[in-house]
Amino acid sequence: MLLHERHQISQDSFAELRVWRVPSPVRGSAHVYKYSLAYVVAGQCVLRYDNEAGKGDHRHLGPNEVAYSFRDPAQLLNDFWSDVDRWRAR
C-alpha cells in the first residue's frame, strides 16, 4: 500500500484515498497501480475513482460512470481533489 488516508471535509463529508502498487496491472488497466478514491457526503458516495478488475480506470460522478485516463498517482490525486472541489461548489 502506497497511500491510505481519510480526510474529514465537513461535519457530514469525508474523502478516503487508497492506492497500492501491484506486481502486475489490474485486468483492464495498463499500469501497476490499484486505487480507490471516494468522496462521501451524508453517508452516500457521490464521487469515486477506481480501477476494479475488468472495468479498468474509471470514475463515478454521482450516478454516472465514465472512463478515466490514468497517467500517474500524482495526477490521479490532483484530478480527484479537483472533482471534490467542483462537487462542493455546487
With every protein chain kept in place and ligands, DNA and RNA left out, what is the accessible area per residue of the chain? Probe 1.4 Å, answer in Å². 60
Unit-weight point scatterers at every alpha-carbon of the chain, Debye formula, q = 0.19 1/Å: log10 I(q)/I(0) is -0.84
Need one number: nm distance between label points at ALA53 and HIS4, each 7 Å from Cα along Cα→Cβ, rounded to one decimal. 2.0
Over region 40-90, calculate the relative contact order: mean separation of alpha carbon pairs under 8 Å at least 6 apart, over the residue count, as a percent. 23
Quick one: which residues, 5+ away or cross-chain, put their amide H under 5 Å from the amide H of GLY28? H built at 1.01 Å from N. GLY54
Measuring from its Cα centre, the chain shows a charge dipole (+1 at each Lys and Arg Cβ, -1 at each Asp and Glu Cβ) which, in debye to the nearest 20, is 100
Would you mind telling me the share, in percent, of accessible area of the chain contributed by carbon and sulfur at probe 1.4 angstrom? 47
Whole-Hz ³J(HN,Hα) from phi, Karplus 6.51 cos²θ - 1.76 cosθ + 1.60, for region 39-49, glycine and proline x: 10, 10, 10, 6, x, 10, 6, 9, 8, 8, 10
ALA67/SER36 FRET efficiency (R0 22 Å; Cβ-Cβ; nearest 0.05): 0.85
Sequence order, region 5-16: Karplus ³J(HN,Hα) from phi using 6.51 cos²θ - 1.76 cosθ + 1.60, θ = phi - 60°, Hz rounded, Gly and Pro as x, gives 9, 10, 10, 6, 8, 8, 4, 10, 9, 8, 10, 10
Note: probe point = Cα of ARG88 + 7 Å toward Cβ; backbone nitrogen < 13 Å; residues of region 35-68 passing the test are 39-41
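The values are calculated or read from the model by the stated rules, or taken from the named source; none is laboratory data. Worth saying up front: this structure is predicted, and the values here are computed from it rather than measured. Quick reminder, even Gly has a Cβ in these numbers, built from the backbone with ideal geometry, and neighbours come from all protein chains shown. Heavy atoms of the whole protein, side chains included, go into the accessibility calculation; ligands, DNA and RNA do not. Shrake-Rupley method; radii C 1.70, N 1.55, O 1.52, S 1.80 Å.
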